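Reviewing the structure listed below.
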Amino acid sequence: MSTATELTVGLGGLGAIGGALARRLDRGLPGLRLAAVSARDVARAERRLAGLGTPVPVVTLAELAGLADVVVECAPAAVFRDIAEPAIRAGRILLPVSVASCSSTRI
């Protein structure tokens, strides 16, 4: 996980938003390091991540909370709970990015 000066980040989703975040984190942001991503299509995600300078694993949504200090939700509303609940239970920082997820009445 993290060091005293660095937080690890897990991305729940690797679409337009998650892909852009992955590339930006890979280029370097002080105090943050991309640790893992989750995507519906693992093979496609692995191809998209092949261009990164530092390889990261593609894991299940539930696994993100065990690999990252910060879990960034950037996925369809249908899987919001699958990202949020493990992160909250593990005491991680949850950053919901998909506005549609926040409008769900089932949260």
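For the chain, a crude dipole built from +1 on the beta carbon of Lys and Arg and -1 on the beta carbon of Asp and Glu, taken about the Cα centre, is about 220 debye to the nearest 20. Positive contributions from Lys and Arg (+1) and negative ones from Asp and Glu (-1), summed over other residues with Cβ under 14 Å from the Cβ of Thr5, come out at -1. For the residues Gly13, Gly66, Gly28, a GNM of the chain with alpha-carbon springs under 10 Å puts the largest fluctuation on Gly28.
For region 12-107, the residue among Ala68, Gly53, Gly13 whose Cα projects farthest onto the positive side of the dipole built from Cβ charges is Gly53.
In a Gaussian network model over the chain where Cα atoms closer than 10 Å are linked, find which of Ala65, Ala36, Ala20 has the largest mean-square fluctuation. Result for the chain, Cα springs under 10 Å: Ala20 fluctuates most. Counting only DSSP H runs of at least 4 residues, each contributing -39500 (n - 2.57), and dividing by the residue count of the chain, the helix-based mean residue ellipticity at 222 nm comes to -10500 deg cm²/dmol.
No value in this document is a laboratory result; all are computed from the given coordinates. None of the values given here were measured: they were computed from a predicted structure. Cβ: placed from backbone, ideal geometry, glycine included. Neighbour counts: every protein chain shown.
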